[in-house]
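K.L.:
One structure is given below, represented as C-alpha coordinates, and several questions about it will come after.
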Amino acid sequence: MQFAEIIEHWTGWCPKKQNLRKASRTFFLSEESSMQSRKSIRSKTKGMVAVVLVALAALAGMRLEFDSMQSPEWLFRDSKAVEGYQWLANSTENDAVVLAWWDYADGIEMIGHRGVVIREASQKIKNTIGGYQDPGKPWHKLEYALWYPYEPNEKVRDVAAFFISENATSAKEISRRFGADYALVMSGDLGKYFAVLLAAEKNFSDYVMAPKNPGAGKFDIRSNLKLETIYTKMVNGKSIEGFTKEFDNGQIRIYKIV
(Lines give C-alpha, C1' and ligand atoms only; values in the text may rest on other atoms or scores of the structure.)
Protein backbone atom coordinates (compact mmCIF):
# COMPACT_ATOMS: atom_id res chain seq x y z
CA MET A 1 0.00 0.00 0.00
CA GLN A 2 1.32 3.38 -0.97
CA PHE A 3 2.04 5.91 1.74
CA ALA A 4 -0.64 8.26 0.41
CA GLU A 5 -3.16 5.41 0.43
CA ILE A 6 -2.28 4.58 4.04
CA ILE A 7 -2.77 8.23 5.02
CA GLU A 8 -6.10 8.35 3.20
CA HIS A 9 -7.19 5.08 4.80
CA TRP A 10 -6.48 6.32 8.32
CA THR A 11 -7.39 10.02 7.97
CA GLY A 12 -9.63 10.34 4.92
CA TRP A 13 -7.31 13.02 3.64
CA CYS A 14 -5.92 12.81 0.12
CA PRO A 15 -3.67 15.48 -1.44
CA LYS A 16 -5.12 14.94 -4.92
CA LYS A 17 -8.72 15.10 -3.76
CA GLN A 18 -7.94 18.17 -1.70
CA ASN A 19 -6.53 19.86 -4.77
CA LEU A 20 -9.66 19.00 -6.71
CA ARG A 21 -11.86 20.44 -3.99
CA LYS A 22 -9.78 23.64 -4.05
CA ALA A 23 -10.17 23.85 -7.79
CA SER A 24 -13.90 23.31 -7.45
CA ARG A 25 -14.30 26.19 -4.95
CA THR A 26 -12.20 28.43 -7.19
CA PHE A 27 -14.45 27.55 -10.11
CA PHE A 28 -17.63 28.44 -8.23
CA LEU A 29 -16.11 31.66 -6.91
CA SER A 30 -15.10 32.55 -10.46
CA GLU A 31 -18.61 31.81 -11.73
CA GLU A 32 -20.15 33.96 -8.99
CA SER A 33 -17.77 36.81 -9.77
CA SER A 34 -18.55 36.50 -13.48
CA MET A 35 -22.30 36.64 -12.80
CA GLN A 36 -21.88 39.74 -10.65
CA SER A 37 -19.77 41.32 -13.37
CA ARG A 38 -22.44 40.57 -15.98
CA LYS A 39 -25.13 42.04 -13.73
CA SER A 40 -23.01 45.16 -13.25
CA ILE A 41 -22.50 45.51 -17.01
CA ARG A 42 -26.24 45.05 -17.64
CA SER A 43 -27.03 47.66 -15.00
CA LYS A 44 -24.55 50.13 -16.48
CA THR A 45 -25.86 49.46 -19.99
CA LYS A 46 -29.43 50.14 -18.87
CA GLY A 47 -28.25 53.36 -17.24
CA MET A 48 -26.47 54.45 -20.40
CA VAL A 49 -29.51 53.63 -22.54
CA ALA A 50 -31.71 55.65 -20.19
CA VAL A 51 -29.33 58.62 -20.42
CA VAL A 52 -29.27 58.38 -24.23
CA LEU A 53 -33.08 58.21 -24.40
CA VAL A 54 -33.43 61.24 -22.13
CA ALA A 55 -30.87 63.14 -24.23
CA LEU A 56 -32.68 62.22 -27.46
CA ALA A 57 -36.01 63.32 -25.99
CA ALA A 58 -34.46 66.62 -24.91
CA LEU A 59 -32.97 67.14 -28.37
CA ALA A 60 -36.31 66.36 -30.01
CA GLY A 61 -38.02 68.92 -27.78
CA MET A 62 -35.32 71.49 -28.53
CA ARG A 63 -35.68 70.86 -32.26
CA LEU A 64 -39.44 71.40 -32.09
CA GLU A 65 -38.90 74.65 -30.20
CA PHE A 66 -36.23 75.78 -32.67
CA ASP A 67 -38.49 75.03 -35.64
CA SER A 68 -41.33 76.97 -34.02
CA MET A 69 -39.02 79.99 -33.66
CA GLN A 70 -38.26 79.79 -37.38
CA SER A 71 -41.95 79.63 -38.30
CA PRO A 72 -42.98 82.25 -40.88
CA GLU A 73 -46.33 82.90 -39.16
CA TRP A 74 -45.04 86.17 -37.70
CA LEU A 75 -44.72 87.59 -41.22
CA PHE A 76 -48.45 88.08 -41.53
CA ARG A 77 -48.86 90.01 -38.28
CA ASP A 78 -47.56 93.23 -39.83
CA SER A 79 -50.03 94.35 -42.48
CA LYS A 80 -47.83 97.16 -43.79
CA ALA A 81 -44.88 94.82 -44.28
CA VAL A 82 -47.16 92.34 -46.05
CA GLU A 83 -48.34 95.18 -48.29
CA GLY A 84 -44.75 95.88 -49.30
CA TYR A 85 -43.97 92.23 -49.99
CA GLN A 86 -47.14 91.94 -52.06
CA TRP A 87 -46.05 94.98 -54.05
CA LEU A 88 -42.88 93.08 -54.93
CA ALA A 89 -44.96 90.15 -56.15
CA ASN A 90 -47.24 92.33 -58.25
CA SER A 91 -44.95 95.09 -59.50
CA THR A 92 -41.47 93.67 -60.10
CA GLU A 93 -39.93 91.28 -62.58
CA ASN A 94 -40.39 87.59 -61.82
CA ASP A 95 -36.64 87.06 -61.63
CA ALA A 96 -35.93 90.19 -59.59
CA VAL A 97 -33.44 89.93 -56.72
CA VAL A 98 -33.86 92.08 -53.61
CA LEU A 99 -30.95 93.17 -51.46
CA ALA A 100 -32.15 93.42 -47.86
CA TRP A 101 -31.03 92.57 -44.36
CA TRP A 102 -31.31 88.86 -43.62
CA ASP A 103 -34.43 88.96 -41.43
CA TYR A 104 -36.60 90.19 -44.30
CA ALA A 105 -35.73 87.26 -46.55
CA ASP A 106 -38.75 85.15 -45.57
CA GLY A 107 -41.21 87.90 -46.44
CA ILE A 108 -39.49 88.67 -49.73
CA GLU A 109 -39.41 85.01 -50.77
CA MET A 110 -42.65 83.66 -49.31
CA ILE A 111 -44.96 86.61 -49.93
CA GLY A 112 -43.08 88.62 -52.55
CA HIS A 113 -41.88 85.53 -54.45
CA ARG A 114 -38.62 87.25 -55.30
CA GLY A 115 -35.01 86.29 -54.83
CA VAL A 116 -32.77 87.51 -52.02
CA VAL A 117 -29.04 87.85 -51.53
CA ILE A 118 -28.88 86.55 -47.94
CA ARG A 119 -31.42 84.52 -45.97
CA GLU A 120 -29.80 84.23 -42.56
CA ALA A 121 -27.35 85.93 -40.22
CA SER A 122 -23.67 85.02 -40.09
CA GLN A 123 -21.71 83.55 -37.20
CA LYS A 124 -20.06 86.92 -36.68
CA ILE A 125 -23.33 88.62 -35.77
CA LYS A 126 -25.08 85.70 -34.04
CA ASN A 127 -25.29 87.71 -30.80
CA THR A 128 -27.64 90.13 -32.56
CA ILE A 129 -30.20 87.39 -33.31
CA GLY A 130 -33.13 87.77 -30.94
CA GLY A 131 -33.72 84.05 -30.35
CA TYR A 132 -30.04 83.33 -29.83
CA GLN A 133 -29.71 85.90 -27.08
CA ASP A 134 -32.79 84.98 -25.01
CA PRO A 135 -31.49 85.27 -21.40
CA GLY A 136 -34.32 83.13 -20.08
CA LYS A 137 -33.49 80.25 -22.42
CA PRO A 138 -29.72 79.72 -22.51
CA TRP A 139 -30.14 76.41 -24.36
CA HIS A 140 -31.08 78.41 -27.45
CA LYS A 141 -27.37 78.85 -28.11
CA LEU A 142 -27.03 75.08 -28.40
CA GLU A 143 -30.04 74.96 -30.73
CA TYR A 144 -28.48 77.58 -32.99
CA ALA A 145 -25.14 75.77 -32.92
CA LEU A 146 -26.83 72.54 -34.01
CA TRP A 147 -29.39 73.68 -36.56
CA TYR A 148 -29.13 77.31 -37.61
CA PRO A 149 -28.03 77.64 -41.28
CA TYR A 150 -25.59 80.52 -40.92
CA GLU A 151 -24.69 82.52 -44.01
CA PRO A 152 -20.97 82.90 -44.78
CA ASN A 153 -19.45 85.84 -42.89
CA GLU A 154 -18.07 87.27 -46.13
CA LYS A 155 -21.45 87.37 -47.87
CA VAL A 156 -23.21 89.09 -44.97
CA ARG A 157 -20.27 91.48 -44.71
CA ASP A 158 -20.68 92.44 -48.37
CA VAL A 159 -24.40 93.09 -47.94
CA ALA A 160 -23.59 95.24 -44.91
CA ALA A 161 -20.94 97.04 -46.97
CA PHE A 162 -23.62 97.89 -49.55
CA PHE A 163 -25.76 99.53 -46.89
CA ILE A 164 -22.98 101.48 -45.18
CA SER A 165 -21.59 102.81 -48.46
CA GLU A 166 -21.43 106.59 -48.41
CA ASN A 167 -22.09 106.93 -52.13
CA ALA A 168 -24.17 105.22 -54.77
CA THR A 169 -21.18 104.18 -56.89
CA SER A 170 -19.65 101.81 -54.34
CA ALA A 171 -23.08 100.51 -53.33
CA LYS A 172 -24.06 99.74 -56.91
CA GLU A 173 -20.80 97.89 -57.52
CA ILE A 174 -21.72 95.51 -54.71
CA SER A 175 -25.32 95.15 -55.89
CA ARG A 176 -24.16 94.26 -59.42
CA ARG A 177 -21.94 91.53 -58.00
CA PHE A 178 -25.03 89.87 -56.52
CA GLY A 179 -27.33 90.64 -59.43
CA ALA A 180 -29.61 92.69 -57.17
CA ASP A 181 -32.34 94.83 -58.73
CA TYR A 182 -33.96 96.32 -55.62
CA ALA A 183 -33.06 97.24 -52.06
CA LEU A 184 -35.51 97.00 -49.17
CA VAL A 185 -35.50 98.52 -45.69
CA MET A 186 -37.96 99.33 -42.91
CA SER A 187 -38.47 102.73 -41.34
CA GLY A 188 -37.37 101.43 -37.93
CA ASP A 189 -34.19 99.78 -39.15
CA LEU A 190 -31.80 102.18 -37.44
CA GLY A 191 -32.28 99.87 -34.48
CA LYS A 192 -30.38 97.29 -36.53
CA TYR A 193 -27.58 99.66 -37.45
CA PHE A 194 -25.26 98.19 -34.83
CA ALA A 195 -25.66 94.70 -36.34
CA VAL A 196 -25.08 96.04 -39.86
CA LEU A 197 -21.92 97.86 -38.80
CA LEU A 198 -20.72 94.82 -36.86
CA ALA A 199 -21.17 92.63 -39.94
CA ALA A 200 -19.29 95.20 -42.03
CA GLU A 201 -16.45 95.11 -39.47
CA LYS A 202 -16.86 98.80 -38.68
CA ASN A 203 -16.88 100.66 -35.38
CA PHE A 204 -20.28 101.88 -34.29
CA SER A 205 -18.67 104.98 -32.78
CA ASP A 206 -17.37 106.02 -36.22
CA TYR A 207 -20.93 106.29 -37.51
CA VAL A 208 -22.99 107.26 -34.47
CA MET A 209 -22.21 109.82 -31.77
CA ALA A 210 -22.15 108.61 -28.20
CA PRO A 211 -25.04 109.92 -26.07
CA LYS A 212 -24.18 112.97 -24.00
CA ASN A 213 -26.38 111.80 -21.15
CA PRO A 214 -26.37 107.96 -21.21
CA GLY A 215 -28.94 107.73 -18.44
CA ALA A 216 -31.30 110.31 -19.88
CA GLY A 217 -33.68 107.83 -21.51
CA LYS A 218 -33.93 106.03 -24.85
CA PHE A 219 -31.07 106.82 -27.21
CA ASP A 220 -32.18 108.25 -30.55
CA ILE A 221 -29.76 107.09 -33.24
CA ARG A 222 -31.42 109.19 -35.94
CA SER A 223 -30.44 112.48 -34.29
CA ASN A 224 -26.92 111.29 -33.45
CA LEU A 225 -25.66 110.13 -36.83
CA LYS A 226 -22.11 111.13 -37.74
CA LEU A 227 -22.24 109.95 -41.34
CA GLU A 228 -24.96 109.57 -43.93
CA THR A 229 -24.89 106.18 -45.61
CA ILE A 230 -27.08 104.41 -48.15
CA TYR A 231 -28.66 102.65 -45.19
CA THR A 232 -29.53 105.75 -43.18
CA LYS A 233 -30.86 107.52 -46.28
CA MET A 234 -33.09 104.60 -47.23
CA VAL A 235 -34.35 104.10 -43.69
CA ASN A 236 -35.22 107.80 -43.53
CA GLY A 237 -36.95 107.59 -46.92
CA LYS A 238 -34.67 110.08 -48.66
CA SER A 239 -34.02 110.42 -52.36
CA ILE A 240 -30.71 108.84 -53.37
CA GLU A 241 -28.77 109.38 -56.57
CA GLY A 242 -28.55 106.12 -58.50
CA PHE A 243 -31.72 104.73 -56.88
CA THR A 244 -35.41 105.40 -57.39
CA LYS A 245 -37.85 104.91 -54.55
CA GLU A 246 -40.56 102.68 -55.96
CA PHE A 247 -42.61 101.92 -52.86
CA ASP A 248 -43.06 103.61 -49.48
CA ASN A 249 -46.04 103.09 -47.18
CA GLY A 250 -44.38 104.76 -44.22
CA GLN A 251 -42.92 101.53 -42.94
CA ILE A 252 -41.44 99.46 -45.73
CA ARG A 253 -39.34 101.21 -48.35
CA ILE A 254 -38.23 99.67 -51.62
CA TYR A 255 -35.69 101.27 -53.94
CA LYS A 256 -34.89 100.23 -57.47
CA ILE A 257 -31.18 100.13 -58.29
CA VAL A 258 -30.76 101.98 -61.59
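The values are calculated or read from the model by the stated rules, or taken from the named source; none is laboratory data. Here the structure is a predicted model, which means the values were calculated and not measured. Quick reminder, even Gly has a Cβ in these numbers, built from the backbone with ideal geometry, and neighbours come from all protein chains shown.
K.L.:
Which pairs turn up if I take residues in segment 160-182 that are free of Cβ contacts under 8 Å to residues at least 12 places away in the same chain and assigned to a loop (DSSP other than H, G, I, E, B) and look for partners that are surrounded by fewer than 19 Cβ atoms within 10 Å (Cβ to Cβ) and not aliphatic (A, V, I, L, M) with beta carbon separation below 7 Å, at least 6 apart in sequence or on another chain?
P.N.:
none
K.L.:
Also, quick follow-up: Evaluate the following for residue 96: is it crowded, with 18+ Cβ neighbours inside 10 Å and closer than 18 Å to residue 252 by Cβ? Break it down stepwise before answering.
P.N.:
On the way: crowded, with 18+ Cβ neighbours inside 10 Å: yes; closer than 18 Å to residue 252 by Cβ: yes.
The answer is yes for residue 96.
K.L.:
Just to verify a result, which residue in segment 168-188, among those that are farther than 21 Å from residue 247 by Cα and surrounded by 13 or more Cβ atoms within 10 Å (Cβ to Cβ), is farthest from the chain's Cα centre (by Cα)?
P.N.:
170
K.L.:
Among residues belonging to segment 104-116 that are assigned to a helix (DSSP H, G or I) and without any contact (Cβ under 8 Å) to a residue 40 or more places away in the chain, point out the one that is surrounded by the fewest Cβ atoms within 10 Å (Cβ to Cβ). Spell out how you get there, then give the answer.
P.N.:
As a first pass, look at segment 104-116 and keep what is assigned to a helix (DSSP H, G or I): 104-111.
Within this subset, residues satisfying the condition of being without any contact (Cβ under 8 Å) to a residue 40 or more places away in the chain are 105-107, 109-111.
Values: 105: 19, 106: 18, 107: 26, 109: 17, 110: 12, 111: 20.
Ranking the candidates gives 110 first.
K.L.:
Can I ask one more? Tell me which residues, restricted to segment 117-136, are within 13 Å of residue 65 (Cβ to Cβ) and exposed (fewer than 14 other Cβ atoms within 10 Å of the Cβ).
P.N.:
134, 136
K.L.:
Out of (1) part of a helix (DSSP H, G or I); (2) in contact with a helix residue (DSSP H, G or I) (Cβ under 7 Å, 6 or more places away or on another chain), what's the single condition that is false for residue 45?
P.N.:
Result: residue 45 fails condition (2) only.
K.L.:
Just checking, how many residues over segment 143-157 are at pLDDT 85 or above and outside any loop (DSSP other than H, G, I, E, B)?
P.N.:
First, pick out the residues of segment 143-157 that are at pLDDT 85 or above: 143, 145-157.
Right, trim to outside any loop (DSSP other than H, G, I, E, B) and you get 143, 145-147, 151, 153-157.
Result for segment 143-157: 10.
K.L.:
Is segment 81-92 home to any residue that is surrounded by fewer than 10 Cβ atoms within 10 Å (Cβ to Cβ), modelled with pLDDT of 70 or more, under 44 Å from the mean Cα position of the chain (by Cα) and not hydrophobic (A, V, I, L, M, F, W, C)?
P.N.:
Here is the first cut: in segment 81-92, the ones surrounded by fewer than 10 Cβ atoms within 10 Å (Cβ to Cβ) are 90.
Pick out the ones that are also modelled with pLDDT of 70 or more and you get 90.
From what is left, the residues that are under 44 Å from the mean Cα position of the chain (by Cα) are 90.
Checking which are not hydrophobic (A, V, I, L, M, F, W, C) leaves us with 90.
Within segment 81-92, one or more residues are surrounded by fewer than 10 Cβ atoms within 10 Å (Cβ to Cβ), modelled with pLDDT of 70 or more, under 44 Å from the mean Cα position of the chain (by Cα) and not hydrophobic (A, V, I, L, M, F, W, C).
K.L.:
Given the conditions (1) in contact (Cβ under 8 Å) with a residue 24 or more places away in the chain; (2) outside any helix (DSSP H, G or I), and given that residue 132 satisfies all but one, which numbered condition is not satisfied?
P.N.:
Among (1) in contact (Cβ under 8 Å) with a residue 24 or more places away in the chain; (2) outside any helix (DSSP H, G or I), the lone unmet condition for residue 132 is (1).
K.L.:
Could you list, in sequence order, all residues of segment 183-228 that are in a strand (DSSP E or B), β-branched (Val, Ile, Thr) and touching a residue at least 40 places away in the same chain (Cβ under 8 Å)?
P.N.:
At the first step, the residues of segment 183-228 found to be in a strand (DSSP E or B) are 183-186, 208, 225.
Those left that are additionally β-branched (Val, Ile, Thr): 185, 208.
The answer is 185, and nothing else.
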